[in-house]
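Asker: If you scroll down you'll find the structure; I have some questions about it.
Computed from the coordinates by the stated procedures, all read-outs in this text should not be read as laboratory data. Since we're looking at a predicted model, the values are computed, not measured. FYI the Cβ positions are ideal-geometry reconstructions off the backbone, even for glycines, and counts take in every protein chain you see.
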Amino acid sequence: MLDSLFSTTLTDDTLTLSSTIITILLAVVLGGLISYTYMKTNPGGYTQSFTLTMVVLPVIVAIIILLIGSNIARAFSLAGAFSIIRFRSAPGDPKDIAYVLFTMASGLACGVGAFGYAVLFTIILCVLMFVLSSMNYGTRKSLQRTLKVTIPENLVYDEAFDEVFRKFNVQYELKKIRTTELGSLYELVYAVTMNQLTNQKEFLDEIRCRNGNLDLSLTMNPTTAEY
């Protein structure tokens, strides 16, 4: 019985109303499970539109596969129809793209009638996503930041903050120097790498004590354009 569950497939001859309803309902359930997994593994980092898409996408793929069946003419006609559609969205996060492929594969499995395999690989991958998320797999232990500090012209910028960097175990590289306020001030731009446990407030307070409480900024997501 178990082998028959994993070997069942749908063809044009076996396609019935009951099998179609089962396929659609299972696609909805699996899409909801994938969407729930995505929300739980991305707290605060998801949108409603994307989570809803992951619920609906397996159903759409399953319906397309049901309509095509083994009919080659239908396959070419649907390919021509969908080639008219143009998506104008920017490339998403790699993890989001993986979830989109995940939902499409789930819908494809439901569409061909491989219900057992659809449920099996969906559960396995959802559990894998939960495990990797709970382990914080791939999380960097160090943080990349851009530090901009304004100093008076009488302060030697080469070694102005070496002691502070050593105290907080912060690796740094001086990337840019420029004058401001008609040459009366210097702006230094550092690329810094700090541990996640580093107290950033205390670190900035130490910098402020050295630069005379002039302007400074710490950019959380630095880009090369800032240099």
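Asker: If you rank Cys110, Cys126 by fewest surrounding Cβ atoms within 10 Å, what's the result?
Answerer: Neighbour counts put them in this order, fewest first: Cys126, Cys110.
Asker: Then there's this: With θ set to phi - 60°, apply the Karplus curve 6.51 cos²θ - 1.76 cosθ + 1.60 along segment 24-36 and write out the HN-Hα couplings as whole Hz, x wherever there is a Gly or Pro.
Answerer: Along segment 24-36, the couplings run 5, 5, 5, 5, 5, 5, 5, x, x, 5, 5, 5, 5 Hz.
Asker: Which ordering of Met54, Met135, Met194 is given by a fewest-first count of other beta-carbon atoms within 10 Å?
Answerer: So the residues, fewest neighbours to most, are Met135, Met194, Met54.
Asker: Cross-chain or 8 or more residues apart, Cα under 19 Å: how many lysine pairs in segment 142-226 fit that? Count them up, please.
Answerer: Pairs that pass both the separation and distance tests number 5.
Asker: A follow-up question, please. Residues with amide H under 5 Å of Thr198's amide H, sequence separation 5 or more or different chain, H placed in the peptide plane at 1.01 Å from N; which?
Answerer: For Thr198, whose amide H was placed from the backbone, there are no distant partners under 5 Å.
Asker: Another one. Fewest Cβ neighbours within 10 Å first, please rank Met129, Met39, Met220 accordingly.
Answerer: If I rank by nearby Cβ atoms, fewest first, I get Met220, Met39, Met129.
Asker: Please list 3J(HN,Hα) in residue order for segment 169-180, calculated via the Karplus relation 6.51 cos²θ - 1.76 cosθ + 1.60 where θ = phi - 60°; whole Hz, with x for glycine and proline.
Answerer: Once rounded to whole Hz, the list reads 6, 9, 7, 9, 8, 6, 9, 7, 9, 8, 8, 9.
Asker: Let me ask you something else. Ordered by residue, what ³J(HN,Hα) values in Hz, to whole numbers, does segment 188-196 give under the Karplus form 6.51 cos²θ - 1.76 cosθ + 1.60, where θ = phi - 60° and Gly and Pro are x?
Answerer: Using θ = phi - 60°, the values come out as 9, 10, 10, 9, 10, 10, 10, 6, 4 Hz.
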